[in-house]
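Participant: To start, I am sharing the structure in question, which I have written as structure tokens.
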Amino acid sequence: MRLLISDLTHRYDDLTVLDRIDLVLNEGEVLAVIGPSGCGKSTLLGIAGGIVAPSAGRVAVDGPVPDGCLNPITYVFQDFALLPWRSVEENVALVLAHHPLPAADRRARVEEGLRRMGLWEFRQALPKQLSGGMRQRVGIARALAVRPAILLLDEPLSALDAQTRELLMDDFLDLWRREKTTALYVTHNLDEALRLADRVVVLSRRPGRIREIVTIEEPRDRRLAPAAQAHLAEVRARLWHLMKAEAQMADREIARA
Amino acid sequence: MSIARWTRRTLLQRTAFAGVALAAALAVGPQPVAAQTLDKASVGVLALSSSGPIFIAKAKGYFEREGLDVTLSTFTSAQQVPVAVASGDVDFGVTGLTAGFYNLAAKGAITMIAAQSRDEPGFPLSAYVATNAAHAAGLAKPSDLKGKRIAITTVGSTFHYMIGILGQKYGFTVKDVTMVPLQDVPKMVAAFKGGQVDAILAPSTVARQLVADGAGQILGWAGDETPWQLGALFTGPKTIQTRRPVVEKFVRAYKTALAEYHAAFNVKDASGALVKGPGYDALLTIIADATKQKPEIVAAGLPYVDPNARLLIDDVVNQVRFWQSEGQVDKALDPKSILDLSFIGQ
Amino acid sequence: MPDPINTPTSTQSTLQAVRFRGGGFHPRRHPWAALAAFALLIALWEGTSRVGLASPLFLPPPSAVGRALAGMIADGSLWLNLKASLLRIGVGWSLGTLGGLTVGLLMGVASVARAVGVPLVSAFFPIPKIALLPLFILWFGIGEASKFATIGFGVFFPTVIAVYSAIDSVPRNLIRMAQSFGLPWGAILRNILLPGALPGILAGFRITASIALILVVAAEMIGAEYGIGAFVLMAGNLMQTDTLLAGVMVMSALGLTIGALLSLLERRLLVWR
Ligand SMILES: Nc1ncnc2c1ncn2[C@@H]1O[C@H](COP(=O)(O)OP(=O)(O)OP(=O)(O)O)[C@@H](O)[C@H]1O
Ligand SMILES: [Mg+2]
């Protein structure tokens, strides 16, 4: 399934946050979105998933809904958004409850999601008993349980420490190796973009416009190989060059505000 | 206890200030000759016409004439006055006699020394009022109250006793009626108007208002049916022991005012109708000012007092026996032990 | 590695132990302290009466209060009064809570209901229910209905406030999450708003339970024959101070019990916190 964003503009009252964004997320592609703080990345993701109504422009999906997909566009949240009063498995089951499914299928989806994320032994734990990384794994398991066509990830790793981030990046790589789920991945972190994305969209400071879309040629699975490092360093330099000025300016604007 | 007492004293002093201001406003009698020679005393009252003789004694300077500088402390409920006397916050008190009063007296905290007002035939103070519905169903005279639902203020109140003596007269007990305690008159009126009870015992102004509103019928007056001792003047036993001359002076001044009150308000002519006695208007003004009521209203509800401050001793004994039989006053209390009538020579 | 402090290499004379300075400032449980303070207070109280510092009329000693209490238990009046009051508290509180939950929930989720409700609640909440008793008598009579109404009204408004503020405090991101997974409105209410609001609602219960206890005295001003409030009122009217205090003790014991039950409920329902 593809996601098409056309001529999208968004304002919060007088504040223009996104300005005439055109973007296509291709089937099976992981598209990272980077940009300075406050440039409208979360807003863009909100509009893409239908939980923020845009001021102008259109968002559409294209292509058939895959078999077994209950919620084509599915989020993974920065703050995990788990219900603290529900156990791990109940949190996953929550998003299946309103779908007419045979009980066995329901159980199978929960179990599969939890096993994939290595959470099966913790299925009865409450969120407060889990580490941050584990909690985000519950968030991912929940997303997988509905077999999404498109994943929208809003800084899914930024609340985690560096080691946990590495571990979860491996989980994502594993996911995309097997599932090829289309994904829009918002991040601040260049390393994440360089490890996970096929293409990287660089947004300008607010109002967010697309400055450039950089393609990473190296296949995801080979990016840790020594041979890939030259190309990655080049892309990194390019991205940093694009971001640095914007970030500095945005920083000053915040200080002035 | 002393700290609690101390703060209460300061509070009471405020009330006393109000009393002083009131007295100053009322000062129509002779001015005190030399203020420093006066003995200080205080008396707790309610702002009701039943305290009329105290207001008169104060306003006309009878206390000063006896060499007393008397401060009036006004309280808002009958309960508070004996408590204030028991705690020593005031030296004397005048109020109605309730089971709570006798319980304080039973603990040796207060002694009755003279009469206040009484219910007396021809003096309409408290009425038995029937709802229209109950009246239509045959509740026509006080003796019919047997078996009925009657609103009263509280258990142990004067209304409670009035039902008790009414029963004694007509051969029923309080068990034969359903008393509904509603704490205060507004709630009694609400229950009455809402048809929740068959009858209430009500002060004359309330009773007449109910009739004027078309809400009910007056069946009779407690004074006509069952004359009884409504209230008394009392003090602490310690005051009698240690300051006997002050008590004597206080009672003398009180009696002077009482006699004047009686002559003005309580005398009947040959036909049995009340006649205005000497000084009627001036005394009425004093009481109206002290109670902050219109003179017409005060005039319509002036109670009877004995000119010599004599108590209906038999009734006081009956009251104590009644409360004892109701289980509300300690059985061991001997009614005579809470009386000291030597000051009025009874 | 050798123990560096106990080796002869370090100059023992200049060696100084690092002083511990981190204690205090963290709450610890002292289960006996409250009991001991209680016992001390009672002993002091009894002592002042025994020595004659306080007259038994103004401050009846605990022994007299205890005797009064024992009397109430022996003649069965305690249970009779308690039963009557518990029924009133139970029914009145349940009615007020049910109404408050419904209205509070509406105000929590529907902005129109909120716009209408907030000023109304602000206008009616502060009215002392005791001032309304004559009206309640006219509307509901002097039977149990007016007593339920007195308690119910008192409980209703704080419940409304507790419920809608509790719903406000449910993190919005959880609701967005549910919407993004396509959960229907009813499921969001049941699975997110209500459980998320539960801590605030239970905190509200704590307040309304005390209010119900306070108002049972007011309610029993309305022609109650039995009831712990009626009992206390009567003892006050009769100047039976020891009985009065015995009644007050029963009421505070009732308050403690209700508080303990609510704590238990909270611990049960809010393990996830
Ligand atoms: N609901 C809202 N109402 C008004 N302004 C908002 C709202 N949400 C976000 N904004 C503002 O819009 C701008 C863009 O917000 P957004 O969250 O999309 O940025 P972002 O790129 O995700 O930032 P960050 O990197 O900090 O997550 C910010 O300046 C923010 O303050
Ligand atoms: Mg963001």
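Participant: Looking at segment A:63-84, which of the residues that are part of a loop (DSSP other than H, G, I, E, B) and within 16 Å of ligand 1 (Cβ to nearest atom) is nearest to A:Val52 (Cα to Cα)?
Facilitator: Result: A:Phe77.
Participant: Then there is this: List the residue pairs whose Cβ atoms are under 8 Å apart, where the first residue sits in segment A:186-202 and is away from chain C (no Cβ under 14 Å) and within 16 Å of ligand 2 (Cβ to nearest atom), the second is part of a loop (DSSP other than H, G, I, E, B) and hydroxyl-bearing (Ser, Thr, Tyr), and the two are 6 or more positions apart or on different chains.
Facilitator: Every condition considered, the pairs that remain are A:Thr187/A:Ser158; A:His188/A:Ser37; A:His188/A:Ser158; A:Asn189/A:Ser158; A:Ala193/A:Thr187.
Participant: If you take just the helices (runs of 4 or more DSSP H) that sit entirely in segment A:85-171, which of them hold at least 1 residues that are touching a strand residue (DSSP E or B) at 6+ places or on another chain (Cβ under 9 Å), open to solvent by less than 60 Å² (accessible area, probe 1.4 Å) and closer than 27 Å to A:Pro64 by Cα?
Facilitator: Counting at least 1 such residues, we get A:132-145.
Participant: On the given criteria, is A:Ala193 on the phi < 0 side of the Ramachandran plot, open to solvent by less than 50 Å² (accessible area, probe 1.4 Å) and away from ligand 1 (no atom under 16 Å from the Cβ)?
Facilitator: No: the conditions fail for A:Ala193.
Participant: Being away from ligand 2 (no atom under 16 Å from the Cβ), more than 14 Å from chain C (Cβ to nearest Cβ) and of a type in the set (A, V, I, L, M) is the filter here, so list the residues in segment A:147-185 that pass it.
Facilitator: Answer for segment A:147-185, where residues must be away from ligand 2 (no atom under 16 Å from the Cβ), more than 14 Å from chain C (Cβ to nearest Cβ) and of a type in the set (A, V, I, L, M): A:Ala162, A:Leu167, A:Leu168, A:Met169, A:Leu173, A:Leu175, A:Ala183.
Participant: Farther than 24 Å from C:Arg206 by Cα, β-branched (Val, Ile, Thr), assigned to a helix (DSSP H, G or I) and touching a residue at least 12 places away in the same chain (Cβ under 8 Å): is that true of C:Ile137 in this structure?
Facilitator: yes
Participant: Let me ask you something else. Which of the residues that make up segment A:210-239 are in contact with a Lys or Arg (Cβ under 7 Å, 6 or more places away or on another chain) and within 16 Å of ligand 1 (Cβ to nearest atom)?
Facilitator: none
Participant: Looking at segment A:42-53, which of the residues that are within 12 Å of ligand 1 (Cβ to nearest atom) and more than 26 Å from A:Arg177 (Cβ to Cβ) is farthest from the chain's Cα centre (by Cα)?
Facilitator: Restricting to residues being within 12 Å of ligand 1 (Cβ to nearest atom) and more than 26 Å from A:Arg177 (Cβ to Cβ), the top hit is A:Ala53.
Participant: Further question on the same structure: Which of the helices (runs of 4 or more DSSP H) contained wholly in segment C:156-239 include at least 3 residues that are within 14 Å of chain B (Cβ to nearest Cβ) and either among the β-branched types (Val, Ile, Thr) or touching a Ser or Thr at 6+ places or on another chain (Cβ under 9 Å) (or both)?
Facilitator: Output list reads C:194-219, C:228-237.
Participant: Criterion first (of a type in the set (Gly, Ala, Ser), in the same structural domain as B:Ser51 (by TED's automatic domain parsing) and within 30 Å of B:Gln168 (Cβ to Cβ)) does B:Gly236 satisfy it?
Facilitator: So B:Gly236 does not fit the description; no.
Participant: Keeping to segment A:12-34, report how many residues are under 19 Å from the mean Cα position of the chain (by Cα) and in a loop (DSSP other than H, G, I, E, B).
Facilitator: 4
Participant: Follow-up question, since we're still on this one. Could you list all residues from segment B:108-119 that are β-branched (Val, Ile, Thr) and either within 14 Å of another protein chain (Cβ to nearest Cβ) or more than 21 Å from B:Tyr304 (Cα to Cα) (or both)?
Facilitator: Within segment B:108-119, B:Ile110, B:Thr111 qualify.
Participant: Within segment A:40-62, restricting attention to residues that are assigned to a strand (DSSP E or B) and surrounded by fewer than 16 Cβ atoms within 10 Å (Cβ to Cβ), which residue is nearest to the other protein chains (Cβ to nearest Cβ)?
Facilitator: A:Ala60
Participant: Now for a separate question. Within the group A:Ser37, A:Ser6, which residue is within 12 Å of ligand 1 (Cβ to nearest atom), open to solvent by 10 Å² or more (accessible area, probe 1.4 Å), small (Gly, Ala, Ser) and more than 30 Å from C:Pro199 (Cβ to Cβ)?
Facilitator: Being within 12 Å of ligand 1 (Cβ to nearest atom), open to solvent by 10 Å² or more (accessible area, probe 1.4 Å), small (Gly, Ala, Ser) and more than 30 Å from C:Pro199 (Cβ to Cβ) holds for just one of A:Ser37, A:Ser6, which is A:Ser37.
Participant: Next question, about the same structure. Identify, please: which residue in segment A:211-249 is of a type in the set (Lys, Arg) and touching a residue at least 24 places away in the same chain (Cβ under 8 Å) and is, among those, least open to solvent (accessible area, probe 1.4 Å)?
Facilitator: Only one residue fits best here, namely A:Arg223.
Participant: Among the residues of segment C:56-76, is any assigned to a loop (DSSP other than H, G, I, E, B), surrounded by fewer than 17 Cβ atoms within 10 Å (Cβ to Cβ) and away from chain B (no Cβ under 14 Å)?
Facilitator: Checking segment C:56-76: at least one residue is assigned to a loop (DSSP other than H, G, I, E, B), surrounded by fewer than 17 Cβ atoms within 10 Å (Cβ to Cβ) and away from chain B (no Cβ under 14 Å).
Participant: OK, next. Mind counting the residues in segment A:184-204 that are of a type in the set (Ser, Thr, Tyr) and not in a loop (DSSP other than H, G, I, E, B)?
Facilitator: Of the residues in segment A:184-204, 1 are of a type in the set (Ser, Thr, Tyr) and not in a loop (DSSP other than H, G, I, E, B).
Participant: Looking at segment B:238-248, is at least one residue under 24 Å from B:Ile287 (Cβ atoms), surrounded by fewer than 17 Cβ atoms within 10 Å (Cβ to Cβ) and not basic (Lys, Arg)?
Facilitator: No, every residue in segment B:238-248 fails to be under 24 Å from B:Ile287 (Cβ atoms), surrounded by fewer than 17 Cβ atoms within 10 Å (Cβ to Cβ) and not basic (Lys, Arg).
Participant: Might you check whether a residue that is open to solvent by less than 70 Å² (accessible area, probe 1.4 Å) and farther than 30 Å from C:Ala197 by Cβ occurs anywhere in segment C:23-32?
Facilitator: Within segment C:23-32, one or more residues are open to solvent by less than 70 Å² (accessible area, probe 1.4 Å) and farther than 30 Å from C:Ala197 by Cβ.
Participant: Collect the residues in segment C:140-154 that are at the interface with chain B (Cβ under 10 Å from one of its Cβ atoms) and either assigned to a helix (DSSP H, G or I) or in contact (Cβ under 8 Å) with a residue 12 or more places away in the chain (or both), keeping them in residue-number order.
Facilitator: C:Phe140, C:Ile142, C:Ser146, listed by residue number.
Participant: Would a scan of segment A:127-138 turn up a residue that is within 15 Å of A:Val186 (Cβ to Cβ) and either facing another protein chain (nearest Cβ under 9 Å) or in contact (Cβ under 8 Å) with a residue 60 or more places away in the chain (or both)?
Facilitator: Within segment A:127-138, one or more residues are within 15 Å of A:Val186 (Cβ to Cβ) and either facing another protein chain (nearest Cβ under 9 Å) or in contact (Cβ under 8 Å) with a residue 60 or more places away in the chain (or both).
Participant: Just to be sure, is C:Val65 in contact with a helix residue (DSSP H, G or I) (Cβ under 9 Å, 6 or more places away or on another chain), among the β-branched types (Val, Ile, Thr) and within 16 Å of C:Gly247 (Cβ to Cβ)?
Facilitator: yes
Participant: Does A:Asn91 qualify as being out of contact with any Gly (no Cβ under 6 Å at 6 or more places or on another chain), over 20 Å from A:Ala193 (Cα atoms) and not hydroxyl-bearing (Ser, Thr, Tyr)?
Facilitator: Yes: the conditions hold for A:Asn91.
Participant: Now a separate question. Would you check if there is a residue in segment C:80-100 being more than 14 Å from chain B (Cβ to nearest Cβ), under 17 Å from B:Leu182 (Cβ atoms), in contact with a helix residue (DSSP H, G or I) (Cβ under 7 Å, 6 or more places away or on another chain) and at pLDDT 90 or above?
Facilitator: yes
Participant: Looking only at residues in segment B:279-328 that are outside any helix (DSSP H, G or I) and touching an Asp or Glu at 6+ places or on another chain (Cβ under 8 Å), which one is least open to solvent (accessible area, probe 1.4 Å)?
Facilitator: Looking at the filtered set, the residue picked out is B:Pro303.
Participant: Quick one: which of B:Ala105, B:Ala99, B:Ala86, B:Ala47 is open to solvent by 10 Å² or more (accessible area, probe 1.4 Å) and within 14 Å of chain C (Cβ to nearest Cβ)?
Facilitator: Criteria check complete, one pass: B:Ala86.
Participant: I'm checking my understanding of the structure. Among residues of segment B:60-83 that are β-branched (Val, Ile, Thr) and not in a helix (DSSP H, G or I), which one is surrounded by the most Cβ atoms within 10 Å (Cβ to Cβ)?
Facilitator: Across segment B:60-83, the extreme among qualifying residues is B:Val70.
The values are calculated or read from the model by the stated rules, or taken from the named source; none is laboratory data. The structure displayed is predicted, hence computed values, not measured ones. In this analysis, Cβ positions are derived from the backbone assuming ideal geometry, glycine residues included, and neighbour counts consider all displayed protein chains. We work out accessible area using only protein heavy atoms, side chains counted, and drop any ligands, DNA or RNA first. Shrake-Rupley method; radii C 1.70, N 1.55, O 1.52, S 1.80 Å.
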